[in-house]
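Read the figures in this text as sums done on the coordinates, not as results from a lab. In this text the structure is predicted, and so the values were computed from the model without any measurement. Neighbour counts run over all protein chains shown; Cβ positions are idealised from the backbone, glycine included.
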């Protein structure tokens, strides 16, 4: 269970990055945000909560583990963003 929890933390960070910042999804993200109230697609804090909830439910983890997956995913996302910005010239 601990391994699944740790993998869910990093998967939350990666899926949040994919939706919020990835170049691959720039066009669909901008199309959705222009046509509706999909502000969640630009907010890593907001989106990671839903991603974590989905992963916890999918893996049938205890509900109380959602907080750990969410906070861990948010921390991993922002640490990754900081390291990526730091390595860019």
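Observations
- This ranking places 77, 39, 17 by how few other beta-carbon atoms lie within 10 Å of each, fewest first, which gives 39, 17, 77.
- Take the Cα of residue 4, step 7 Å toward its Cβ, do the same at residue 39, and the gap between the two points is 3.5 nm.
- Cα gyration tensor shape for the chain, rounded if a/c is under 1.5, else prolate or oblate: oblate
- Look at the alpha carbon pairs under 8 Å that are at least 6 residues apart: their mean separation over the length of the chain gives a relative contact order of 40 percent.
- Exposure proxy ranking for 33, 12, based on other Cβ atoms within 10 angstrom of each Cβ and starting from the fewest, stands as 33, 12.
- Distance in nm between pseudo-label sites at residue 31 and residue 60 (7 Å out along the Cβ direction from Cα): 3.7
- C-alpha long axis of helix 26-35 to longest principal axis of the chain, angle in °: 80
- Scattering curve values for segment 1-46, log₁₀ I(q)/I(0), Debye with Cα scatterers, q = 0.21, 0.28 Å⁻¹: -0.70, -0.96
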